[in-house]
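Below you'll find the structure, written out as structure tokens, and then a few comments.
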Amino acid sequence: MFDALVIGAGPAGLMAAEELARAGRKVLVCEAKPSPARKFLMAGKSGLNITKDEESDSFIAAYGDAWLAPMIAGFGPAQVVIWARGLGQEVFTGSSDRVFPRSMKGSPLLRAWLARLAGMGVELRSRWRWAGFADQGFVFDTPEGRQVLQPAVTVLALGGASWARLGSDAAWLPWLAEKGVQIAPFRPANMGFAVEWSPHMAKHFGAAIKGAALHVGGRVERGEFVISARGVEGGGIYAVSRDLREGGQLTLDLMPDVSGDEISARLSRMKPAETLVNKLRKLGLPPAAVALVMEFGKGRPPVEAIKQLDLRLAGPRPIDEAISVAGGVMQAAVTEGLELRAIPRVFVCGEMLDWEAPTGGYLLTGAWATGRWAGMAAAAAL
């Protein structure tokens, strides 16, 4: 028999389960998919960035809204590292201060974590999809048919609205809204942007633009991004995606370490009859960067086209392609312990909550921190 239910076996849900079990509670975790933490494992395919080695105040500031501050302070970068090492997963800090497991993958960490949770008595049921409320309980569609559970406390860790095929499909939204829970509309975050390319750009699809400075309003970020058939995407774009989503203009400096005067001087030493493409190549711009200048900088003086290149974006890519989302259960809808005011003894955590952070370790740390916070509060409620 169990007295605490966690719905959703992603990073936030598993962390809530761990805290409940640590407090001596019998915990059941229900997961809609055949296996747990699918989005977590997908994130680890290119290197699992678990957190960032950064001063506490600076790290917390990346989340913008101060309401997550006590949660992040309680489980920030230092605590994430200690926790991972406690699972036998040694970590290292990369050149950009991002922290990774030595294995670089999510699967070894997840296996160790699931083994520890099982040892703590946590039961995991896969293919148990939450289907709403009924009879003061939670209805599930399961391989054995429809089931109704009536736990003493429940933690919802159902994800946001991106990567539906991995489990974050926001199917829960109408059920909470019907109960009077205040929910901010979901919007894509850490996403690419569409561009209506000319045909000549096709040969550059997949090429990376490195070393550029990305200007949006008064903000400047240095980062790499990729030209794709759908538009532009990658870390540099994600870093400014919030400002772009809100209507900011993206301007590139393709040679941020070289002054405009120096570029002018170099151009003046070239033969006047040379084509602009040849001149740009001689300046050291790679083919994809040259193509961007020709795409968006025609008719402008070369120095301006290189140092102040305005990209014409056609809006963010669809929300289901986004790495994360903004929006979700609002701060006003929960207590300080993340208990839903409209549904007592039901707690929420992870990407269900209305918070937003950049990539670079902030997303996973935020999920773990809020899951821990909700798990502790749920245990205290018992």
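The values are calculated or read from the model by the stated rules, or taken from the named source; none is laboratory data. None of the values given here were measured: they were computed from a predicted structure. Cβ coordinates were reconstructed from backbone atoms using ideal geometry, including for glycine residues, and neighbour counts include every protein chain displayed.
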| So which of Ala332, Ala377 is surrounded by fewer than 24 Cβ atoms within 10 Å (Cβ to Cβ), at pLDDT 95 or above and out of contact with any strand residue (DSSP E or B) (no Cβ under 7 Å at 6 or more places or on another chain)? | Ala332
| For Leu156, which of the numbered conditions (1) modelled with pLDDT of 95 or more; (2) surrounded by fewer than 21 Cβ atoms within 10 Å (Cβ to Cβ) fails to hold? | (2)
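Whether any residue in the stretch 32-47 is over 30 Å from Pro143 (Cα atoms) and either among the aliphatic types (A, V, I, L, M) or touching an Asp or Glu at 6+ places or on another chain (Cβ under 7 Å) (or both) is what I want to check. Show your work before the answer.
Initially, the stretch 32-47 is screened for residues over 30 Å from Pro143 (Cα atoms), giving 46-47.
If we keep only those that are either among the aliphatic types (A, V, I, L, M) or touching an Asp or Glu at 6+ places or on another chain (Cβ under 7 Å) (or both) too, we end up with none.
Among the residues of the stretch 32-47, not one is over 30 Å from Pro143 (Cα atoms) and either among the aliphatic types (A, V, I, L, M) or touching an Asp or Glu at 6+ places or on another chain (Cβ under 7 Å) (or both), which makes the answer no.
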| query | Could you list, in sequence order, the residues of the stretch 224-256 that are free of Cβ contacts under 8 Å to residues at least 40 places away in the same chain and either under 19 Å from Ala291 (Cβ atoms) or among the polar types (S, T, N, Q) (or both)? | reply | Glu224, Phe225, Val226, Ser228, Ala229, Gly236
| query | If a residue has to be crowded, with 21+ Cβ neighbours inside 10 Å, not hydrophobic (A, V, I, L, M, F, W, C) and not in a strand (DSSP E or B) to count, how many in the stretch 182-196 make the cut? | reply | 2
| task | Taking the residues in the stretch 119-133 that are in contact with a strand residue (DSSP E or B) (Cβ under 6 Å, 6 or more places away or on another chain) and part of a strand (DSSP E or B) as candidates, determine which candidate is surrounded by the most Cβ atoms within 10 Å (Cβ to Cβ). | result | Trp130
| query | For Val148, all conditions in the list (1) surrounded by 13 or more Cβ atoms within 10 Å (Cβ to Cβ); (2) part of a loop (DSSP other than H, G, I, E, B); (3) in the same structural domain as Gly375 (by TED's automatic domain parsing) hold save one; what is the number of the exception? | reply | (2)
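Among strands (runs of 3 or more DSSP E) lying entirely in the stretch 1-118, which contain 2 or more residues that are surrounded by fewer than 17 Cβ atoms within 10 Å (Cβ to Cβ) and at pLDDT 95 or above?
Output list reads 91-93.
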| task | Can you tell me which residue among Gly231, Gly236, Gly260 is more than 30 Å from the chain's Cα centre (by Cα) and under 18 Å from Asp310 (Cα atoms)? | result | Gly260
| message | I need the full set of residues from the stretch 123-159 which are under 25 Å from the mean Cα position of the chain (by Cα) and not hydrophobic (A, V, I, L, M, F, W, C), in order please. | response | Ser126, Arg127, Arg129, Thr154, Gly159
| query | If we scan the stretch 161-181, do we find a residue that is assigned to a strand (DSSP E or B) and either surrounded by fewer than 22 Cβ atoms within 10 Å (Cβ to Cβ) or touching a residue at least 60 places away in the same chain (Cβ under 8 Å) (or both)? | reply | no
| remark: Of the listed residues (Asp97, Asp57, Asp53), the one being out of contact with any Asp or Glu (no Cβ under 9 Å at 6 or more places or on another chain), of a type in the set (D, E, K, R), over 22 Å from Leu158 (Cα atoms) and in the same structural domain as Ala164 (by TED's automatic domain parsing) is Asp57
| query | Taking the stated definitions as given, is Ala314 of a type in the set (Gly, Ala, Ser), within 27 Å of the chain's Cα centre (by Cα) and surrounded by fewer than 23 Cβ atoms within 10 Å (Cβ to Cβ)? | reply | yes
| remark: So the helices (runs of 4 or more DSSP H) completely within the stretch 276-382 holding 1 or more residues that are small (Gly, Ala, Ser) and assigned by TED's automatic domain parsing to the domain that holds Leu68 are 362-381
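What strands (runs of 3 or more DSSP E) completely inside the stretch 211-265 contain at least 3 residues that are surrounded by fewer than 19 Cβ atoms within 10 Å (Cβ to Cβ)? I'd like the intermediate steps shown before the answer.
On the way: elements: 213-216, 219-222, 225-228, 231-233, 250-253.
Of the strands (runs of 3 or more DSSP E) lying wholly inside the stretch 211-265, those with at least 3 residues that are surrounded by fewer than 19 Cβ atoms within 10 Å (Cβ to Cβ) span 219-222.
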